Every structure is written in C-alpha cells, then in structure tokens.
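First the structure, in the form of structure tokens, and then the observations on it.
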Amino acid sequence: MTPTTVTERLLSAGLLGAGVHGADALRALLGPAPHPRCAGAVGVALSLPRLAGMLDVARVDGLPADIAASVPRRRLSFIGGRLCAEHALRRLGAGAAVGRAAQREPLWPAGVLGTITHTDATACALVAPAERAGRTDARYGLGIDSQTIVDDAGLEAVLSVCCTPAERGPLLDRFPAAERGLAGTLVFALKEAFYKAVHPTVQRFVDFDELDVQSLDLGTGLARLCPSVPELARREPFEGRFTIVDGEVHALVELRHV
C-alpha cells in the first residue's frame, strides 16, 4: 500500500532509522504543544533543529511541488508541521491524513478543526473535534501561531505592517521599553492565529486591521480581541490566550457561535 501521510513515508523509507528504531526516534521527538490548554483539543510539538539532525529533507518524496522546490528550511518546517498534525489526529482518533486546499492551507478530516504553526525552532499543531452550531458556546474556528520575540528592528516592522494606530499608541505605550518587543510580537501572533481560525469561514485574505488587540495581560496570558470581519455574525470583543516560552510566544484563538 502506498504511504498516504508524511509519517508513513518517512518510516517506510527508513529516513528516521530502520524499523522500530525510526518509530521510536519519532516518538521521542514529539511532545506537547506549548500553547494554552484548549478543551477537547490535542496539541503536539517538535524541535525543528532536532528533526534536522535526524532527517535529510532532500530524500523525502511525495511533498507538494512548491514545497519540494523550496529551500531546505521550508521543507523541514512543512514536514515538521505535518508530523505534529498527523500525530495529533491519531491521538484524537480522527485518522491521520492532512490534505491541502486550493489556497495551500491544511485540509482537515471531516468533523475536525485543526491548525499548524512553526518558528525556526519549533513546529506545532493543534486539533479538536468540530462542535454543532446549535450547541451552546459551540467552537467553529481554531487558530494557533508561534513567533520568536522580535528585536528593536523587528518591532518597527511589526508596528508598520500589522498594528493599527490604537495598537501602536495606547496599547503598546502601556509597556516599558524592555517589554515592547514582546508586546508587539504578541499582537502579531494573535492576529495570525485569528486569521487561521476565521479563514475556513470567510475563505478570503483577512487584513491585519480587521482585528484590534485591545489589551494584553502578560501576567494572566489573556488578550482582549475585537474583530471587524463583516462575515462574522458575532463581532463583539472576545478573549485570546497566549504563553511565553524560551524566547517565543504562542497564541491561541477560538471562535464560538454564542
């Protein structure tokens, strides 16, 4: 039988080690995602430098054409993200295949919400059962994002590209100079997580100014988010969550019907 997942292709080709040694090496590589806990969800992460030390990405067959033609670092992050997603789906009991939709976003099994992210250091995936729209507080969108905390130059890019005037002024001005890079990175990560959560609903590019980050509490890991996406029936402020781990931020956004 032809392998249908990245995990199967790596193990069947012995690219992580022969036989059970490859499976053992993969299990040792995978761990829990560093994002906030999410009810009913399974989160998985791996270290991309550790994966790079185990795997020659040039030998991996069956990748999408654009990924196969990309630089090794891009191939590594794609493979890492898919490994995390496939393992999370198996733990959820939902199968393991992750397809690719028309706009190159992950295509999840029916009845599953999923999301993938990566930095240079870490790949992560989070999956959860989709909930019926009629259910109280039903979740219909799920997004995670991870970012390395930016330096001063990176902060200027974040401020100019993704921040609204209110975020550049009243929000980030509340933070001391030493924390502004962290706060700016959190704004960026929360917006990216929101984009992933809302994309299955709107099926279009969502601009950075369609979500306003109104507050950030570094102590509790909570953010107040206010969307202005016209397709959303619910546009009042809601809560986003985040963690800060080893120089990276990890944001989680859940969208609910009521």
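Mind listing whichever residues of the stretch 54-85 are of a type outside the set (A, V, I, L, M, F, W, C) and either within 20 Å of A101 (Cα to Cα) or not assigned by TED's automatic domain parsing to the domain that holds G99 (or both)?
The answer is D61, G62, P64, D66, S70, R74, R75, S77, G80, G81, R82.
Against the list (1) in contact with a helix residue (DSSP H, G or I) (Cβ under 6 Å, 6 or more places away or on another chain); (2) under 28 Å from A223 (Cβ atoms), the condition R82 fails is (2).
Taken over the stretch 151-163, the residue count meeting the criterion of being more than 18 Å from the chain's Cα centre (by Cα) and either buried (at least 16 other Cβ atoms within 10 Å of the Cβ) or aromatic (F, W, Y) (or both) is 5. At least 2 residues being more than 23 Å from E105 (Cβ to Cβ) and modelled with pLDDT of 95 or more is the threshold, and among the strands (runs of 3 or more DSSP E) wholly inside the stretch 141-258 those reaching it are 211-217, 222-227, 238-245.
For the stretch 102-121, a residue qualifies if it is more than 22 Å from P34 (Cα to Cα) and surrounded by fewer than 14 Cβ atoms within 10 Å (Cβ to Cβ), and the qualifying residues are A102, Q103, R104, L107, A110, G111.
Would you be able to say whether some residue in the stretch 120-134 is under 19 Å from A189 (Cα atoms) and among the β-branched types (V, I, T)? It would help to see each step written out before you state the result.
Step one: of the stretch 120-134, the residues under 19 Å from A189 (Cα atoms) are 120-127.
With the extra rule that they be among the β-branched types (V, I, T), the set shrinks to 122, 127.
Yes, some residue in the stretch 120-134 is under 19 Å from A189 (Cα atoms) and among the β-branched types (V, I, T).
Candidates in the stretch 231-254 are the residues that are surrounded by fewer than 21 Cβ atoms within 10 Å (Cβ to Cβ) and hydrophobic (A, V, I, L, M, F, W, C); of these, the one that is farthest from the chain's Cα centre (by Cα) is A233. In the stretch 30-45, the qualifying residues are those that are farther than 18 Å from F242 by Cβ and within 13 Å of the chain's Cα centre (by Cα), and the one that is surrounded by the most Cβ atoms within 10 Å (Cβ to Cβ) is V44. For A123, the criteria (1) without any contact (Cβ under 8 Å) to a residue 24 or more places away in the chain; (2) in the same structural domain as A88 (by TED's automatic domain parsing) hold in every case but one, which is (1).
What tally of residues in the stretch 37-55 results from selecting those that are among the charged types (D, E, K, R) and modelled with pLDDT of 95 or more?
Going through the stretch 37-55, the residues among the charged types (D, E, K, R) turn out to be 37, 50.
Now restrict to residues that are modelled with pLDDT of 95 or more: 50.
Selection size over the stretch 37-55: 1.
Can you tell me how many residues within the stretch 188-208 are in contact with a Cys (Cβ under 6 Å, 6 or more places away or on another chain) and over 14 Å from G143 (Cα atoms)? Of the residues in that region, 1 qualify.
The values are calculated or read from the model by the stated rules, or taken from the named source; none is laboratory data. Predicted model, so just to flag it, every value in this text is computed and none were measured. Don't worry about glycine lacking a Cβ; one is built from the backbone with ideal geometry, like all the others, and counts go over all protein chains shown.
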